[in-house]
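Encoded as structure tokens, the structure appears first; notes follow it.
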Amino acid sequence: VKAEGLNTWGCCTMCALGVAAKLQKDIEVTAKDAFTGENITVKTADGTVSILEPPTSVAWAGTKKTAEGKMVSTGCFKQAFFANEDNLQKWVEAHPTATGRAISINQALQEKMQLTAEQISKACKISECVPK
């Protein structure tokens, strides 16, 4: 993730988008399609996606049902970007136990931008993860 000259990390693709919410700055995310490894680039401007390459890219928002019946995030490493819906569908077929939903990358960004500062502070240390 790049933000105004700062290079940082998101623990997963959703946390990478969360850097925009945490920093309240425009960002550039470089990620790999979870099925093919193809590069995906997301650039934001004023809290929305301004550039998406390839433009057909979509997100997988991993979710699970709590004991109370509420749908919540499955957490990092169960979120992904895909260069197109076909790749996402093939990935879902290869991971039959995965639970979640396909959403646009802009929708994923909007969900992060709506988080409160308190919610962001409890999220997966958005922008604080480092590669191993």
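Give me the dipole magnitude in Debye, nearest 20, for region 35-98 about the Cα centre, with unit charges on the beta carbon: positive for Lys and Arg, negative for Asp and Glu.
On the way: 6 positive and 7 negative charges, 69 e Å.
I would put it at about 320 debye.
For the chain, set up a Gaussian network in which alpha carbons nearer than 10 Å are linked by springs, and say which option among Lys43, Lys64, Lys32 fluctuates the most. Sorting by GNM fluctuation, first place goes to Lys64. Dipole of the chain computed with +1 at Lys/Arg Cβ and -1 at Asp/Glu Cβ about the Cα centre; of Thr36, Gly18, Ala98, farthest Cα towards the positive end is Ala98. Kindly state, to the nearest 0.05, the FRET efficiency for Trp9 paired with Asp86, given R0 = 30 Å and r defined as their beta-carbon distance. The calculated FRET efficiency here is 0.60.
According to the square roots a ≥ b ≥ c of the eigenvalues of the Cα gyration tensor, what is the shape class of the chain, taking rounded for a/c under 1.5, prolate for a/b larger than b/c otherwise, and oblate for the remainder? In terms of gyration-tensor shape, oblate. Multiplying the residue separation of Thr48 and Asn106 by 0.36 nm and subtracting their alpha-carbon distance yields 20.2 nm.
Tell me the net charge near Met113. Cut-off is 14 Å between Cβ atoms, Met113 excluded, with +1 for each Lys or Arg and -1 for each Asp or Glu. Write out the running numbers ahead of the final one.
On the way: positive: Lys22, Lys25, Lys112; negative: Asp26, Asp46, Glu111.
Summing Lys and Arg as +1 and Asp and Glu as -1 gives 0.
Expressed in nm to one decimal, what extension gain is obtained for the pair Lys122 and Ala98 from 0.36 nm per residue of sequence separation less their Cα-Cα distance? Spell out each step's value before the answer.
Values: separation 24, 0.36 × 24 = 8.64 nm, distance 2.39 nm.
In short, 6.3 nm is gained.
Decide, for region 56-110, between rounded, prolate and oblate: order the square roots of the alpha carbon gyration tensor eigenvalues as a ≥ b ≥ c, take rounded if a/c falls under 1.5, and otherwise choose prolate if a/b is larger than b/c, else oblate. Because a/c hits 1.5 or more and a/b fails to exceed b/c, region 56-110 counts as oblate. Each label was represented as a point 7 Å from its Cα along the Cα-to-Cβ direction; for Thr36 and Thr66 these points are 3.8 nm apart.
To the nearest 20 debye, what is the magnitude of the charge dipole of region 12-132 about its Cα centre, counting +1 on the Cβ of each Lys and Arg and -1 on the Cβ of each Asp and Glu? Display every interim value, and only then the final one.
Values: 14 positive and 13 negative charges, 103 e Å.
Taking the Cα centre of region 12-132 as origin, the dipole is about 500 debye.
Of the residues Leu88, Leu52, Leu23, the one that moves most in a GNM of the chain with alpha-carbon contacts below 10 Å is Leu23. In terms of its C-alpha gyration tensor, region 12-79 has an oblate overall shape, because the principal axis ratio a/c (a ≥ b ≥ c, square roots of the eigenvalues) is not below 1.5 and a/b does not outweigh b/c. With 29 Å as the limit, the listed pairs Lys90/Lys122; Lys25/Lys70; Lys43/Lys65; Lys2/Lys78; Lys65/Lys112 have Lys90/Lys122; Lys25/Lys70; Lys43/Lys65 beyond it between alpha carbons.
Just so you know, all these numbers are worked out from the coordinates, no wet-lab data involved. Keep in mind it's a predicted model, so treat the numbers as computed, not measured. Backbone-built Cβ (ideal geometry, glycine too); neighbour counts: all protein chains shown.
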